[in-house]
1. Could you please find all residues in the stretch 68-116 being aromatic (Phe, Trp, Tyr) and either under 21 Å from Arg36 (Cα atoms) or exposed (fewer than 15 other Cβ atoms within 10 Å of the Cβ) (or both)?
2. Identify, by number, the condition in (1) in contact with a His (Cβ under 7 Å, 6 or more places away or on another chain); (2) closer than 21 Å to Phe226 by Cα that Val62 doesn't meet.
3. Please find, among Thr182, Thr203, the residue that is surrounded by fewer than 16 Cβ atoms within 10 Å (Cβ to Cβ), within 17 Å of the chain's Cα centre (by Cα) and not in a strand (DSSP E or B).
4. Please name all residue pairs, on different chains or six or more residues apart, with Cβ atoms under 9 Å, provided the first residue is in the stretch 58-87 and is under 25 Å from Glu98 (Cβ atoms) and the second residue is acidic (Asp, Glu) and in a loop (DSSP other than H, G, I, E, B).
5. Being touching a helix residue (DSSP H, G or I) at 6+ places or on another chain (Cβ under 7 Å), part of a loop (DSSP other than H, G, I, E, B) and more than 15 Å from Pro183 (Cβ to Cβ), is that true of even one residue in the stretch 34-55?
6. Determine the pairs where a residue that is in contact (Cβ under 8 Å) with a residue 60 or more places away in the chain, located within the stretch 211-237, has a partner that is charged (D, E, K, R) and outside any loop (DSSP other than H, G, I, E, B) with Cβ atoms under 6 Å apart, the partner being 6 or more residues away or on another chain.
7. Could you please find all residues in the stretch 139-170 being assigned to a loop (DSSP other than H, G, I, E, B), under 18 Å from His222 (Cβ atoms) and touching a residue at least 24 places away in the same chain (Cβ under 8 Å)?
Amino acid sequence: MSDDSLPAPPPARTAAVIPAAGRGVRLGPGAPKALRTLNGTPMLIHAVRALAASRAVSLVVVVAPPDGAAEVKSLLDAHALPERTDFVVVPGGETRQESVRLGLEALPPEYRIVLVHDAARPLVPVDTVDAVIEAVREGAPAVVPALPLADTVKEVEPAGTPGDPEPVLSTPSRARLRAVQTPQGFDRETLVRAHGSVTGEVTDDASMVEQLGERVVVVPGHEEAFKVTRPLDLVLAEAVLARRRLNDGF
């Protein structure tokens, strides 16, 4: 029997890791950011549903606050989630990096594509999720959704005292800059290797892969995949949900 007659291997299975152990101090005191509600539903549930909306995602691992795994598990159990998707809750660590690593360790071996998604990006459209997965399937070790910048950006010398004037050092060309979003997608082996060898603090997982010298590519992001960080973002997120309800007729 020739190799041509062998059946094609099944597509690599895809899992999503959602680190949700942060406190969200910029939204003020109260519940952790991921548990703040949008339209009466916690942001975390919106984010879980957004990832599970992709038919390619068959497992979602939620990384809870170290002392809050039982609470998060109860939260998932209390909301309607797609039955075709498995959901697991694991306790996280003190940093986002540690939480992502703990989420990776919870993945069964058959999952070879991993998405890492911010719980604070609850409204990412499924088309963006699918575009990231497809780019990993096509061979990219790491994929990030991103948008061109609308604002001019200045590099400055940070002020010693907050609020003081800051000297401008340069004005980078916007054409070469992108605002990065999530979910970020990875070949699992590459991401595990990055977490095993990069020890410095980073702001996203793709930058860890960059430090390995591996290729990271960008696919188009979406304006609705914005990060809910400040009170005004909550207002914008509610408006997006209201528009979706109007458009979808419910």
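Bear in mind that the values in this text are calculations on the coordinates, not laboratory data. Just so it is clear, the structure is predicted and the values come from calculations on it, not from any experiment. All Cβ positions, even for glycine, are placed from backbone atoms using ideal geometry, and neighbour counts span all protein chains on display.
1. Phe87
2. (1)
3. After applying the criteria, what remains is Thr203.
4. Here the result reads Pro66/Glu94, each pair linking the stretch 58-87 to a residue that is acidic (Asp, Glu) and in a loop (DSSP other than H, G, I, E, B).
5. Yes, the conditions are met somewhere in the stretch 34-55.
6. From residues that are in contact (Cβ under 8 Å) with a residue 60 or more places away in the chain, the pairs are Val216/Glu210; Val218/Arg178; Thr229/Arg26; Arg230/Arg26.
7. Within the stretch 139-170, Leu149 is the sole residue that qualifies.
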